[in-house]
Amino acid sequence: MIKKYWKDFISLIYPNVCYNCDVALVEGEERICLRCFRDFPLTQYHQMDPNPLIQMTSGNLKVKGAFCFMKFNKDGIAQKLLHELKYKNNAPIGLLLGEWFANYIKEEIEKAKIDAIIPVPLHKSKQRKRGYNQSEVIARGLNKITGIKVINDAMIRTKNVSTQTKKGKVGRWQNVDSLYKIEKNKDIKGKRVLLLDDVITTGATIGTAAEVLAESEVAEIYLGCIASGK
Ligand SMILES: [Zn+2]
């Protein structure tokens, strides 16, 4: 009974219509109707050889795989949902994205035996402004489905500058350790980790973070993102 009242209360705050097409949702659908859900522009990158996501982000030998949920199209569903997460203070949508993503790549991350998820960190001033790190919220969603722990404090963003400015042809990965830093004594030694970002556009941000992470004692690195502009 209480559960029902709670549900009614929640539906007052979040009307039960599809985020994407405004059709009324039915039992079992969360935020997105089944029809729109089926139309998600899935990437299948992890089934391609070579994997386009690895090609655009990293040449590092520790990077063993990469997963991306959806293609990032202008005004597409991924852009809409990530905009909600990043600029409208809608953390629940981030959790859901993480859960959906986890279900999408569940077999692969089991095969890879991933031990931990490391969200790409934000600079602390940016995180304070937003209230949370969107990649961490997505990571919590992944954790909910897979049980893989989220390690939040192993990596720190030291500078609040755009990685895009580092995207020169020559010095693409130069001075990377000035952007991110690995915290010593965090339990990542010998681990297979999934480095997780919300969106990959040029690949510079996650590529830079992966380079720094690869210099630590992690065993293997996998890259993950909700959407990619490639
Ligand atoms: Zn819909």
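Just so you know, in the stretch 109-135 the residues that are touching a strand residue (DSSP E or B) at 6+ places or on another chain (Cβ under 7 Å) and open to solvent by 40 Å² or more (accessible area, probe 1.4 Å) include one that is nearest to Leu95 (Cα to Cα), and it is Asp115.
Considering Phe37, Phe9, the condition of being at pLDDT below 90 and either surrounded by 13 or more Cβ atoms within 10 Å (Cβ to Cβ) or among the hydrophobic types (A, V, I, L, M, F, W, C) (or both) is satisfied by Phe9 alone.
Among Glu84, Glu30, which is the only one that is touching a Leu at 6+ places or on another chain (Cβ under 8 Å) and surrounded by fewer than 21 Cβ atoms within 10 Å (Cβ to Cβ)?
Of the residues listed, the single one that is touching a Leu at 6+ places or on another chain (Cβ under 8 Å) and surrounded by fewer than 21 Cβ atoms within 10 Å (Cβ to Cβ) is Glu30.
Within the set Ala66, Ala102, Ala78, the sole residue that is under 13 Å from the mean Cα position of the chain (by Cα) and without any contact (Cβ under 8 Å) to a residue 60 or more places away in the chain turns out to be Ala102.
Give the residues of the stretch 111-132 that are free of Cβ contacts under 8 Å to residues at least 12 places away in the same chain and either of a type in the set (Asp, Glu) or within 16 Å of Leu223 (Cα to Cα) (or both), sorted by residue number. Result: Lys111, single match. You will find that of Ile145, Ile114, the residue that is part of a loop (DSSP other than H, G, I, E, B) and over 12 Å from the mean Cα position of the chain (by Cα) is Ile114 and no other.
Considering the stretch 21-61, and only residues there that are touching a Gly at 6+ places or on another chain (Cβ under 6 Å) and either near the ligand (Cβ under 10 Å from one of its atoms) or assigned to a helix (DSSP H, G or I) (or both), the residue that is nearest to Tyr222 (Cα to Cα) turns out to be Thr57. Considering each residue of the stretch 54-67 in turn, none proves to be aromatic (Phe, Trp, Tyr) and at pLDDT below 95.
The values are calculated or read from the model by the stated rules, or taken from the named source; none is laboratory data. Since the model is a prediction, treat every value here as computed from it, not as a measurement. Because the Cβ atoms are built from the backbone with ideal geometry, glycine has one as well, and the counts that use them run over all protein chains shown. Only protein heavy atoms, including side chains, enter the accessible area calculation; ligands, DNA and RNA are left aside. Shrake-Rupley method; radii C 1.70, N 1.55, O 1.52, S 1.80 Å.
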